[in-house]
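Colleague: Okay, here's the structure, questions in a sec.
The values are calculated or read from the model by the stated rules, or taken from the named source; none is laboratory data. These numbers were taken from a predicted model, which means no experiment stands behind them. Glycine also receives a Cβ, built like all others from the backbone with ideal geometry; neighbour counts cover every protein chain displayed.
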């Protein structure tokens with residue numbers, strides 16, 4: 001009994017000594033952390049973290065998350081953060097919540113991010129308050145509420161959090177969730193910059209650039225933007241690269257210097273900053289004395305920037321499609337890009353859209369609508385790019401009556417239809433004067449319009465009804481070797497092939513293709529195509545989004561890392577380009593690959609759930625079985641005995657209905673899939689990207 005007591009005593013003593021050693025390691029690590037000696041933090045904390053010390057687990061989670069003192073490793077960061085968050089450590093909860101919000105190392109989960117931020121903020125974590133503001137500002141997992149975002153930013157800002165200060169400054173700068181107030185914007189941005197926070201410097205640069213809350217001073221703006229990306233700052237604000245590129249590109253308070261603009265834009269591209277991609281795309285499209293013209297690279301940068309959600313990049317893509325920069329000239333697609341950007345408020349796109357109406361490019365000439373877009377853009381002249389401003393100057397100089405409207409007209413709306421007529425009616429111009437002016441402008445247009453304009457949509461529709469050869473390539477992959485197998489893909493492909501044969505298609509069916517055979521099937525199918533055909537491609541299997549691109553997976557894909565997946569898988573854009581290259585009359589791609597991330601079960605953080613939005617070329621339709629970030633259902637539950645997946649079973653039913661155009665068929669499919677998925681508490685909305693011109697039918 002006594003020996004047992006002595007043993008227990010020694011065990012207890014050893015435990016206390018171990019706990020004291022762990023605590024000592026954490027205290028040493030805390031000193032190193034304050035000094036930003038990341039390598040020392042790692043050395044002091046590694047053993048303690050593995051022994052369960054939650055503060056050191058938080059430190060290692062932070063190091064692996066940011067690549068400080070160690071190679072960046074998001075899965076390992078998540079491993080440590082989950083351990084200390086489970087112990088209620090407030091910093092771990094905030095960092096883990098941020099990972100769920102941004103999808104770093106884990107799939108995006110706004111509900112979990114919200115839960116963690118609320119828990120962390122309740123314990124006083126100011127970064128958590130800032131992140132709550134981010135959720136409300138962007139409507140992520142909560143209803144979008146800029147005022148609530150401002151409230152959370154203010155809590156963080158007033159207690160000294162530099163991120164909250166910068167974000168609150170930005171809201172005051174633009175008047176979102178709070179009244180616009182340059183003085184308060186400058187005050188909070190200055191406080192954030194004084195703490196050497198990257199975005200604080202960036203907001204300060206914007207205020208100096210625009211003369212809001214302080215004197216307009218481009219040199220101070222440039223200095224602030226440079227500090228925003230200086231290695232010494234806490235969390236560089238990469239958007240500042242684009243802000244610097246913009247200044248030198250436009251010559252805002254400095255001489256135009258495209259080489260200097262390209263230097264800053266290139267630095268931004270290296271960190272995947274989307275605005276920088278767009279500026280560099282514009283520079284490469286024209287070249288400089290030092291930078292060779294590179295239209296192909298320009299187009300790829302603009303396309304990537306657009307895929308990352310930058311509205312201005314849609315306008316750039318529209319210009320490239322219009323002028324044939326790095327891509328075949330496609331006025332229909334140019335019109336689509338300009339229209340989407342204009343609807344989102346992009347002013348240069350309104351000018352470009354007005355030009356298309358003025359010139360009758362693809363659309364019927366409409367001078368009133370064109371002038372509406374011009375007046376709408378001109379009302380915010382300071383935000384226009386150089387080319388758009390120059391175009392408006394020339395237009396209004398040549399059309400003095402239109403120019404007179406500017407001073408008299410109220411600020412027009414953005415729809416491009418009513419503004420011009422509203423502006424005109426607000427003047428003393430009589431109806432006869434208006435008609436005379438329009439007739440004169442029409443005569444000018446007829447002289448200016450080139451002989452090679454594309455035919456308008458009504459004419460295209462009339463040509464689309466001729467009988468065409470119909471070909472289809474169908475692929476269904478179930479038996480994956482290194483990622484989870486599927487159960488419906490082969491059956492879906494087989495059923496689609498049989499149905500298409502009955503509808504007059506010459507079909508080629510493949511099942512369980514490895515990389516070599518998948519690529520061969522695509523080559524053979526492309527070689528079989530001739531111009532003027534109606535072409536369909538159907539794929540059921542695993543797919544994954546990498547960056548802004550989508551990849552279809554052959555059954556032998558390993559995917560040990562992202563680059564390997566790109567090499568082994570088939571980029572969807574390649575398939576779409578193949579369909580476009582043979583001048584098909586109509587091409588339809590149906591992709592049922594929107595399942596869960598096939599790599600996550602093996603611990604490989606490659607890609608995410610679902611597929612990224614895509615762009616269809618003129619004459620194409622593309623349909624995904626689920627929207628971005630959604631998972632397509634294979635069944636409606638345990639009692640569902642259907643052999644086909646939910647999307648395919650609905651498609652098989654709808655495509656056999658006689659006299660229904662394809663676009664209507666696909667919309668009917670979308671509506672029914674939404675209804676069925678909701679019946680089992682799931683959200684699945686098939687995504688349709690439609691650039692077909694004319695009416696086409698599965699069964700006429």
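To keep it simple, each residue is scored yes or no on (1) crowded, with 24+ Cβ neighbours inside 10 Å; (2) modelled with pLDDT under 90; (3) within 14 Å of residue 615 (Cβ to Cβ); (4) outside the structural domain of residue 550 (by TED's automatic domain parsing).
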{"site": "279", "(1), (2), (3), (4)": "yes, no, no, yes"}
{"site": "284", "(1), (2), (3), (4)": "yes, no, no, yes"}
{"site": "290", "(1), (2), (3), (4)": "no, no, no, yes"}
{"site": "293", "(1), (2), (3), (4)": "no, no, no, yes"}
{"site": "302", "(1), (2), (3), (4)": "yes, no, yes, yes"}
{"site": "337", "(1), (2), (3), (4)": "yes, yes, yes, yes"}
{"site": "342", "(1), (2), (3), (4)": "yes, yes, no, yes"}
{"site": "359", "(1), (2), (3), (4)": "no, no, no, yes"}
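Colleague: Another one. For region 457-471, state whether one or more residues are surrounded by 15 or more Cβ atoms within 10 Å (Cβ to Cβ), modelled with pLDDT under 50 and assigned to a helix (DSSP H, G or I).
Modeller: yes
Colleague: Considering only residues that are touching a helix residue (DSSP H, G or I) at 6+ places or on another chain (Cβ under 9 Å) and under 21 Å from residue 580 (Cβ atoms), which ones fall in region 493-518?
Modeller: Residues satisfying the conditions are 505, 506, 507, 508.
Colleague: Being over 21 Å from the mean Cα position of the chain (by Cα) and either in a helix (DSSP H, G or I) or buried (at least 18 other Cβ atoms within 10 Å of the Cβ) (or both) is the filter here, so list the residues in region 120-132 that pass it.
Modeller: 120, 121, 122, 125, 126, 127, 128, 129, 130, 132
Colleague: Sticking with this one: Restricting attention to region 102-119, report how many residues are part of a helix (DSSP H, G or I), within 18 Å of the chain's Cα centre (by Cα) and within 16 Å of residue 61 (Cα to Cα).
Modeller: 1
Yes/no per residue for (1) modelled with pLDDT under 80; (2) touching a helix residue (DSSP H, G or I) at 6+ places or on another chain (Cβ under 8 Å); (3) more than 26 Å from residue 285 (Cβ to Cβ); (4) not assigned by TED's automatic domain parsing to the domain that holds residue 339:
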position: 363; (1), (2), (3), (4): no, yes, no, no
position: 366; (1), (2), (3), (4): no, yes, yes, no
position: 371; (1), (2), (3), (4): no, yes, yes, no
position: 374; (1), (2), (3), (4): no, yes, no, no
position: 378; (1), (2), (3), (4): no, yes, no, no
position: 388; (1), (2), (3), (4): no, yes, no, no
position: 399; (1), (2), (3), (4): yes, yes, yes, no
position: 409; (1), (2), (3), (4): yes, yes, yes, no
position: 412; (1), (2), (3), (4): yes, yes, yes, no
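Colleague: Picking from 112, 94, which residue would you name as being touching a residue at least 12 places away in the same chain (Cβ under 8 Å), touching a helix residue (DSSP H, G or I) at 6+ places or on another chain (Cβ under 6 Å), crowded, with 21+ Cβ neighbours inside 10 Å and over 26 Å from residue 213 (Cβ atoms)?
Modeller: Just a single option satisfies the conditions, and that option is 94.
Colleague: Whether any residue in region 244-253 is out of contact with any strand residue (DSSP E or B) (no Cβ under 9 Å at 6 or more places or on another chain), crowded, with 17+ Cβ neighbours inside 10 Å and within 26 Å of residue 68 (Cα to Cα) is what I want to check.
Modeller: Looking through region 244-253, none of the residues is out of contact with any strand residue (DSSP E or B) (no Cβ under 9 Å at 6 or more places or on another chain), crowded, with 17+ Cβ neighbours inside 10 Å and within 26 Å of residue 68 (Cα to Cα).
Colleague: With the requirement that a residue be within 28 Å of the chain's Cα centre (by Cα) and closer than 16 Å to residue 398 by Cα, what does region 359-373 give you?
Modeller: none
Colleague: On to the next question. With the structure loaded, tell me whether residue 686 is surrounded by fewer than 19 Cβ atoms within 10 Å (Cβ to Cβ), in contact with a strand residue (DSSP E or B) (Cβ under 7 Å, 6 or more places away or on another chain) and at pLDDT 85 or above or whether it fails that test.
Modeller: no
Colleague: Tell me which residues, restricted to region 145-169, are surrounded by fewer than 24 Cβ atoms within 10 Å (Cβ to Cβ) and in contact (Cβ under 8 Å) with a residue 60 or more places away in the chain.
Modeller: none
Colleague: Further, regarding this structure: Surrounded by fewer than 22 Cβ atoms within 10 Å (Cβ to Cβ) and more than 31 Å from the chain's Cα centre (by Cα), is that true of residue 481?
Modeller: Yes; evaluated as a whole, the condition is true for this residue.
Colleague: Taking the criterion of being over 23 Å from residue 194 (Cα atoms), assigned to a helix (DSSP H, G or I) and under 21 Å from the mean Cα position of the chain (by Cα), would at least one residue in region 72-91 satisfy it?
Modeller: no
Colleague: Turning to a different aspect of this structure: Suppose we filter region 231-267 for residues that are touching a residue at least 24 places away in the same chain (Cβ under 8 Å) and closer than 30 Å to residue 35 by Cβ; how many remain?
Modeller: Summing the residues that are touching a residue at least 24 places away in the same chain (Cβ under 8 Å) and closer than 30 Å to residue 35 by Cβ in region 231-267 gives 11.
Colleague: Of the residues in region 555-578, how many are over 14 Å from residue 539 (Cα atoms), touching a helix residue (DSSP H, G or I) at 6+ places or on another chain (Cβ under 8 Å) and part of a helix (DSSP H, G or I)?
Modeller: Within region 555-578, residues that are over 14 Å from residue 539 (Cα atoms), touching a helix residue (DSSP H, G or I) at 6+ places or on another chain (Cβ under 8 Å) and part of a helix (DSSP H, G or I) number 2.
Colleague: Taking region 472-512 on its own, how many of its residues are farther than 23 Å from residue 657 by Cβ and assigned to a helix (DSSP H, G or I)?
Modeller: 2
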